[in-house]
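These notes concern the structure reproduced below.
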Amino acid sequence: MGDNVKLFVYGVSASCPKSVLEREFDRYGRVSDVFITGKGYAFITMEKQDEAEDAIDALNGKKIDGQDAKVELAVSVWLSV
């Protein structure tokens, strides 16, 4: 089992097929999940940290499905009450 690294991808059209994102990111390593929010962004889960970093380096600022994409590590925010 890998690191399961989640990436945040901004600039994703609601009509972008999951298969397009999976194909783009799969070039750099194994993709275990693709979630498109329909609000202009998506989350991609990759199995290994180094592969996720390769995907960020290669795809950040590039066009994906005709849109300029911003790719970075997703940040979890935990709030305590």
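Residue count for region 5-41 under the criterion of being surrounded by 14 or more Cβ atoms within 10 Å (Cβ to Cβ), over 12 Å from the mean Cα position of the chain (by Cα) and among the basic types (Lys, Arg): the result is 0.
Would you tally the residues in region 6-48 being in contact (Cβ under 8 Å) with a residue 40 or more places away in the chain, of a type in the set (Ser, Thr, Tyr) and under 14 Å from residue 62 (Cβ atoms)? It would help to see each step written out before you state the result.
Within region 6-48, the subset in contact (Cβ under 8 Å) with a residue 40 or more places away in the chain is 6-13, 16-17, 20-21, 24, 45-48.
Subset that is of a type in the set (Ser, Thr, Tyr): 10, 13, 45.
Subsequent filtering for residues that are under 14 Å from residue 62 (Cβ atoms) retains 10.
Qualifying residue count, region 6-48: 1.
Selection of region 4-56 for residues being among the polar types (S, T, N, Q) and part of a loop (DSSP other than H, G, I, E, B) yields 4, 13, 15, 37.
How about region 63-72: which of its residues are more than 17 Å from residue 17 (Cα to Cα) and either part of a loop (DSSP other than H, G, I, E, B) or modelled with pLDDT under 95 (or both)? Result: no residue meets the conditions.
The values are calculated or read from the model by the stated rules, or taken from the named source; none is laboratory data. What you see is a predicted model, and the numbers here were worked out from it, not measured in a lab. Using ideal geometry, Cβ is built from the backbone for each residue, glycine included, and neighbour counts are taken over all protein chains shown.
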